[in-house]
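Visitor: Here it is, the structure, as structure tokens.
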């Protein structure tokens, strides 16, 4: 693990930014997460070390966008490529964050980081050079949909960081696409700050090619009366880990999350979510679906934290899992930690296979077993995919998933 | 708005069992080392295999670390500051109940445990354990007629050494966990039950554990073996006096069910929980596990946990036999500064196994109540099913309720369902009851009892009255 060795030695390097130096320093004493920690216990050690085996990419290769631009108005950004962004319209403005703003915000975030809980972010920020950090300030309304791409080139480790400030009363649709090339590792950290009364439909689609790895972390802070809708899809990664941390900083905010992860062959994909309510009247509706086939392993761990000041919180979390092979495995752990008494909190988890009665019914109507299974899977996927903004009409993800081998 | 103080008062009930029995006891010196273990073994005139078992466990324990993963915070336990053997002094051999020290009988009488004349009125056989030793076991002759063995584990070691040697440590091995290893090294007494093939135990069996001294720990061990096509219902109750020091209780319970056998194990745990400031109380670290070895065997745990300053307890089922069934029904009530981390483990190993988990947690005051459970489907558990439900009720805004279910499946042809919810006493329902002339306290009790009904329905009839008495809440009418 070349990178870990580098972190351990931590040679003074003038090319490093201040943030990189801070993160390297934080990681130096224990550069790897503790494998006994609850958040890393189930993570496949050899796959994680495979992730870290590549050397850091200095120069991005040419990037092909996976699907055509569906409308002229859509704003497309590629992290690492767009240097100057300044879109000012009478209704809205999208501007790059100044270096000072960016530094200040990231530094503040780092001060709350803990070694095991935020290891992915610390690694990302210690590797992400200035060019690969994209900071945006979005303001206004009637904003055209935004697509942001992040990608990893073959045989290298790529670290990309995205910081977005959504100003007051702003409303936006944003799709983030993370793509991994063959034998690559991508570390993507996203920081989202939703100011009062803002609302976002956020989609995260991550897919890889043969033996690609992903560490994807998403940190969201929601201020009062903001609304955050998140639709996510992760598939075709040898190893992928998706960490979501959402904090309703003063309550009175709405969060909807619908996530899907699909594992095949010997892949391992995991989702860890932590939702903290730091004020009253918070709302959460979360569903996470997993499908595990062949010899793969799908993991979901979700925690909901409701402290004393978060009275009248209404939170629900559901983990639904399909296990399609006897060699595959699924681990799920929805958690509730509650101190406030006037709350409605519930969670549920199921692990099952395709419904035999439904399959039988379809077969009696002349549908083959393969087709019937596809139909069932498509309804299972559809609930999540239809929640992912922008892509739903033009980019046929469902087709991609069902015909994927 | 509900007046929170009123609700808090409604769940408050003074601890009735906090008295100390003034009786001369024989204690060994404080501390834990090989010599102490040899001394305990020698006092109990144990065969060599048991001494070896203890010493092996002690060696393992020395290499182990106290677990810290539970959502519990307590001051470090000094294992050298505990007396590992304490027994009331009495005549060498007791042939009948009449020879038992009247003070002891009085103690159990005060606790409502029928050892003497009362025993005739009830149909429950009792094994009473006072500190480290078993005082008396009732109804033995009647049980013997059916071939049922019910005695203290010390007696079983002497009279049924073959069974002890065959089964002890097979469900909870000495190296299982820190507290099980400690128990295996120093266990003093407990109950032994053997139900022969085809026998349905004619009465409920019960053991009652009483800690009397403040500086000695209690380490009892229970072993229940149900042979083919037999069945038994076993009840367990516990209390302790009020001391301002913390007393350690680390027990191990092992259940073995062979083909078509059924074991129902019910507990009402009401150890002293410490005072309102959190001073004193029992540290309760218990390992309970049942092995459904035979086909169609069934093990059912039901528990009402109201006492102890710290509760660390996960009664579990290993479902090995085809079509075996595991059940867990639990009510855990915490108040003041009590902390409970309790739940179950259902390990599905054999095919077509089924398990049900119903857990109700009530947290009041500044207490912390966590459900922690594991459901695991192994690769051979085809056609297996699990259903879990954990509900929490919060009273006051200082208490916390946590749910940590671990769910793991390696078998595609199996189903797992889990649901959990959190609520508080609904103001609407409270208002409705009060508008019908029901007193506030009674209305709260009714609602709490309604919340726990699923679990209380599982408690055996004979136990119901006792459970009712022991529960710190007034749960009238719902039990049984």
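Visitor: Test of understanding: among A:179, A:157, A:134, which residue is in the same structural domain as residue A:87 (by TED's automatic domain parsing) and either buried (at least 24 other Cβ atoms within 10 Å of the Cβ) or within 21 Å of residue A:97 (Cα to Cα) (or both)?
Guide: Result: A:134 is the single residue among A:179, A:157, A:134 that is in the same structural domain as residue A:87 (by TED's automatic domain parsing) and either buried (at least 24 other Cβ atoms within 10 Å of the Cβ) or within 21 Å of residue A:97 (Cα to Cα) (or both).
Visitor: Would you be able to say whether some residue in region A:13-29 is outside the structural domain of residue A:127 (by TED's automatic domain parsing), over 19 Å from residue A:130 (Cβ atoms), touching a residue at least 40 places away in the same chain (Cβ under 8 Å) and in a loop (DSSP other than H, G, I, E, B)?
Guide: No: zero hits.
Visitor: Further question: Restricting to region B:348-365, give me the number of residues that are farther than 18 Å from residue B:417 by Cα, away from chain A (no Cβ under 11 Å) and under 23 Å from the mean Cα position of the chain (by Cα).
Guide: 1
Visitor: More than 19 Å from residue B:414 (Cα to Cα), touching a strand residue (DSSP E or B) at 6+ places or on another chain (Cβ under 7 Å), at the interface with chain B (Cβ under 9 Å from one of its Cβ atoms) and not in a loop (DSSP other than H, G, I, E, B): is that true of residue A:301 in this structure?
Guide: Against the criterion (more than 19 Å from residue B:414 (Cα to Cα), touching a strand residue (DSSP E or B) at 6+ places or on another chain (Cβ under 7 Å), at the interface with chain B (Cβ under 9 Å from one of its Cβ atoms) and not in a loop (DSSP other than H, G, I, E, B)), residue A:301 does not qualify.
Visitor: Looking at region B:22-65 only, could you name the residues that are assigned to a helix (DSSP H, G or I) and without any contact (Cβ under 8 Å) to a residue 12 or more places away in the chain?
Guide: B:35, B:42, B:48, B:52, B:59, B:62, B:63
Visitor: Let me ask something else. I'm trying to understand the selection: among the residues of region A:62-81, which are part of a strand (DSSP E or B) and either more than 14 Å from residue A:132 (Cα to Cα) or modelled with pLDDT under 70 (or both)?
Guide: Scanning region A:62-81 gives A:75, A:76.
Visitor: In region A:21-43, what residues are surrounded by fewer than 18 Cβ atoms within 10 Å (Cβ to Cβ) and farther than 30 Å from residue A:298 by Cα?
Guide: Answer for region A:21-43, where residues must be surrounded by fewer than 18 Cβ atoms within 10 Å (Cβ to Cβ) and farther than 30 Å from residue A:298 by Cα: A:21, A:25, A:28, A:29.
Visitor: Please tell me if residue A:219 is in contact (Cβ under 8 Å) with a residue 24 or more places away in the chain, surrounded by fewer than 24 Cβ atoms within 10 Å (Cβ to Cβ) and part of a loop (DSSP other than H, G, I, E, B).
Guide: no
Visitor: Before we move on, is residue B:331 assigned to a strand (DSSP E or B), within 19 Å of the chain's Cα centre (by Cα) and crowded, with 24+ Cβ neighbours inside 10 Å?
Guide: yes
Visitor: Quick one: which residue in B:192, B:209, B:219, B:187 is within 21 Å of residue B:300 (Cα to Cα), crowded, with 24+ Cβ neighbours inside 10 Å and at pLDDT 85 or above?
Guide: Only one candidate passes the filter, namely B:192.
Visitor: Suppose we filter region A:229-252 for residues that are over 22 Å from residue A:120 (Cα atoms) and either part of a strand (DSSP E or B) or at pLDDT 95 or above (or both); how many remain?
Guide: Looking only at that region, the number is 1.
Visitor: Just checking: which of the strands (runs of 3 or more DSSP E) contained wholly in region B:366-466 hold 2 or more residues that are within 7 Å of chain A (Cβ to nearest Cβ), touching a strand residue (DSSP E or B) at 6+ places or on another chain (Cβ under 7 Å) and free of Cβ contacts under 8 Å to residues at least 12 places away in the same chain?
Guide: none
Visitor: Tell me, yes or no, whether region B:220-233 has at least one residue that is in a loop (DSSP other than H, G, I, E, B) and touching a residue at least 60 places away in the same chain (Cβ under 8 Å).
Guide: Yes: one or more hits.
The values are calculated or read from the model by the stated rules, or taken from the named source; none is laboratory data. None of the values given here were measured: they were computed from a predicted structure. All Cβ positions, even for glycine, are placed from backbone atoms using ideal geometry, and neighbour counts span all protein chains on display.
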